[in-house]
Amino acid sequence: MRPDVDGRFWLNIEGKGFLGLGRIELLEQIGATGSISAAARKMGMSYKTAWDAIDAMNNLADEPLLIRQVGGRHGGGTRLTEYGKRVTRQYRAAEHEYQRFIDVMREQLAHLGLKEPPDGWSFIRRMAMRTSARNQFQGKVARFTEGAVNDVITVDIGGGIEISSVVTHEAAQSLDLLREGREVQALIKASFVILCEDVEGMRFSARNRLCGIVSRVQPGAVNAEVKLDLSAGRTLTSIVTMDAVNEGWLKEGGRVCALIKAPHVVLAVSD
């Protein structure tokens, strides 16, 4: 059987999957319907799956992709920002060029009359890093403090938000983290994110304290998933007990803070 050339076009940011056809179609449907739930139905996906995709995109984007509108004459909704519209247009233009490239490769194989791809035949692909951590933020090293055994690396993830991580000195040197401006990803498991009320004067031992607005509470049999909206479109996910939810202070629209120990923040690089 004669080989064919095919592929899927993805845009990655520092090795992390940012935009693919499914996500672009979701954004386009949101732009057309003004509703995340309506867009999810048209895409044949659950509302939660749609929101998870949006959160993943916003956490890697330079600017928010969506704006949520509450109330108003037509009852609120969601619309694409100008940045979101520009991203979808640029993706479609890049996808068109990618398809032209695939067509050229397909024609070259046909003209060669090959039954197998020639030795050394390869295609340039940037592989997205896969991880089980729910929270993944793209950022740059803002500053660092070296120690005898461990170093503290502070990462700027945009929107005035900084996250500190404690890593071994050996790891910091191996990953080239002791350099301001170094591109990194901060990975945090949802179970490591502790939520608390935003109380003035509260003392805590965790190095990271990020405050925001609860956007979603997804109850489960034992635990609940809580989404916290930070600034600049960044979103933080936490897993909490249903007992905490039933206490009544974790409500959508309420302001809470997330406490994260620095050793629980894993740093990753793509090179």
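Every read-out reported here was derived from the displayed coordinates using simple, explicitly stated rules and does not represent laboratory data. Since the model is a prediction, treat every value here as computed from it, not as a measurement. We place every Cβ from the backbone using ideal geometry, glycine too, and count neighbours over all the protein chains shown.
Side notes on the structure shown:
- Sorted by Cβ neighbour density within 10 Å, fewest at the top, the residues VAL240, VAL199: VAL199, VAL240
- Taking a Cβ cut-off of under 11 Å around GLU28, the surrounding Lys, Arg, Asp and Glu residues balance to a net charge of +4, with basic ones at +1 and acidic ones at -1.
- Sorted fewest first by neighbouring Cβ atoms within 10 angstrom, CYS257, CYS211 come out as CYS211, CYS257.
- 10 Å-binned pair-distance histogram of segment 135-268 (Cα, whole percent): 13, 41, 31, 14, 2
- Sorted by Cβ neighbour density within 10 Å, fewest at the top, the residues LEU27, LEU175: LEU175, LEU27
- Full extension of the chain between ALA38 and ALA244 yields a length gain of 71.0 nm, computed as 0.36 nm times the residue separation minus the alpha carbon distance.
- The Cβ shell under 11 Å around ILE188 holds other residues with a net charge of +3, Lys and Arg each +1, Asp and Glu each -1.
- Charge tally for HIS169 (other residues, Cβ to Cβ under 9 Å; Lys, Arg +1; Asp, Glu -1): -3.
- For a label point 7 Å along the Cα-to-beta-carbon line of LYS48, residues of segment 179-200 with backbone N under 17 Å: 190-191
- Compared with the alpha-carbon gap, the fully stretched path from GLU252 to VAL149 is longer by 32.9 nm at 0.36 nm per residue.
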